[in-house]
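Bear in mind these aren't lab numbers, they're just calculated from the coordinates by the rules spelled out. As the structure is a computational prediction, the values presented were derived from the model and not from experiment. Methodologically, a virtual Cβ is constructed for each residue, glycine included, from the backbone with ideal geometry; neighbour enumeration extends over all protein chains shown.
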Amino acid sequence: MGESVKKERKKLSLATQIFIALAIAIIVGLLMQKHADFAVTYIKPFGTIFLNLIKFIVGPIVLFSIMAGVVSMRDIKKVGAIGGTTILYYLCTTAFATAIGLGLANIFKGTFPILSVSDLTYEAQEGTSFMDTIVNIFPSNFLAPIYESTMLQVIVMALILGFAIILIGEKGRPAVKAIDVINDVCMKAMEMILKLSPIGVFCLLCPVIAENGAMIIGSLARVLLVAYIAYIAHAVIIYSLAVKALGHMSPLKFFKGMLPAILFAFSSASSVGTLPINLECTENMGASKEVASFVLPLGATINMDGTAIYQGVCAVFIASCYGIDLTFGQMLSIVATATLASIGTAGVPGAGMVMLAMVLQSVGLPLDGIALVAGVDRIFDMGRTTVNITGDASCTMIVSYLLRNRIKSWTDKDKEAETA
Ligand code: ASP
């Protein structure tokens with residue numbers, strides 16, 4: 001516990017540093033309005049370096065965290081029963097989340113201004129057909145998915161390799177250990193990169209403010225507000241209804257029990273980092289340990305309702321900054337892609353912003369638009385991570401309740417096998 005409190009303090013101080021960096025970026029950006037060129041030429045590249053470093057590590061993190069999750073399940077039948085219910089719940093809640101994000105962003109769309117996005121260029125791209133999207137989920141090369149950061153292909157790769165390791169049984173033990181270690185190494189590398197967040201945030205935001213002035217601060221505050229309204233609406237409405245109706249649990253008791261994990265997620269902006277506390281909270285609320293230890297790590301990687309909300313809100317925001325009106329078809333496409341993109345998002349800070357590219361691309365929106373929200377990503381991230389881990393916990397409580405009889409029979413069988 002002492003360890004985790006210490007860790008929490010460390011994370012909190014990083015969050016404080018980021019807020020200070022945000023404030024300084026706004027002040028310096030405003031002061032540099034007449035020298036916007038300088039900010040874009042000499043400050044922005046350091047922000048780009050920071051984003052590049054995050055992109056560099058995200059592929060390996062997704063690959064190894066999912067593989068580690070799969071191989072930790074061992075028995076494929078249990079995985080099927082728990083996994084089926086889990087994935088269905090995750091997909092449905094995430095689709096709801098994107099719809100809530102899109103819906104609210106559309107309601108507030110009128111307040112998003114059309115910005116002077118001078119260095120951002122927009123070229124309409126041809127959308128990919130539905131069948132091509134399906135085909136593109138499957139990798140045709142062992143290295144390309146990592147190299148090109150195509151997260152869904154990385155997930156498929158992780159699943160195939162993970163199942164293969166389970167299927168070769170005892171022989172696969174060293175691989176399981178190796179994957180765990182590599183996963184830890186990748187997480188450490190991410191942590192090191194994230195120590196640069198304050199500098200990254202400053203270098204990304206300062207040029208944007210210098211170019212657009214006070215107008216963008218107002219519009220960023222508005223888009224942040226919309227995202228937070230959507231986060232809260234989703235958590236309060238969808239999770240309360242779900243835990244009450246499917247998990248037979250009082251929503252109040254659920255949120256109260258989740259408070260330590262919620263606070264940690266908010267300050268650390270990492271679902272994976274919040275895992276140990278989330279496990280503790282859900283078990284304290286009566287979840288089955290077997291369910292929690294599979295559903296939570298899986299959720300920390302693939303279930304990102306907050307991220308989906310953020311992607312929906314940002315897609316509408318970026319479109320309106322460029323003066324583009326999204327069609328209903330494009331919105332549906334965003335719901336589908338944001339649901340899939342959030343699955344491919346690693347539970348680490350900043351990952352959702354990288355995946356925003358996939359959502360924008362799916363409807364031919366300019367990728368450069370990410371620069372508009374990149375500076376304040378940390379503030380979006382704190383909220384979306386909180387929603388992400390609350391969704392994982394709600395699923396754990398529900399699956400524990402729904403499968404309680406089967407879980408009992410598995411436990412009885414395991415005990416019988418042990419005594420035999
Ligand atoms: N930081 C988020 C999480 O860990 C992922 C994201 O960036 O959206 O859940």
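Structure notes:
- The range 315-347 and the range 71-85 have Cα centres lying 31 Å from one another.
- Only DSSP H runs of four or more residues enter the estimate; each adds -39500 (n - 2.57), and after division by the residues of the chain the mean residue ellipticity at 222 nm equals -26000 deg cm²/dmol.
- Chain lengthening between Ala178 and Ile24 when straightened (0.36 nm per residue, less Cα-Cα): 51.2 nm
- Ranked Thr301, Thr93, Thr327, criterion: other C-beta atoms within 10 Å, fewest first: Thr327, Thr93, Thr301
- Diffusion coefficient, µm² s⁻¹, Stokes-Einstein with Kirkwood Rh over alpha-carbon pairs of the range 229-292 at 25 °C and 0.890 mPa s: 198 µm²/s
- Shape annotation for the range 275-336: C-alpha extents along the principal axes are 49, 19, 17 Å, from largest to smallest.
- Rounded Å value of the spacing that divides the Cα centres of the range 239-301 and the range 199-238: 27 Å
- Size descriptor, Kirkwood hydrodynamic radius, that averages inverse alpha-carbon separations across the range 287-420, Å: 16.4 Å
- Within a Gaussian network of the chain (alpha carbon springs, distance under 10 Å), most fluctuating of Ala97, Ala235, Ala164: Ala164
- Hull-based mean projected area of the chain, where the convex hull spans the alpha carbons, in square nanometres: 20.5 nm²
- Highest-MSF residue in the chain out of Ala99, Ala81, Ala227 [GNM, Cα springs under 10 Å]: Ala81
- Label-to-label distance for Asp368 and Arg404 is 5.8 nm, based on points extended 7 Å past Cα in the beta-carbon direction.
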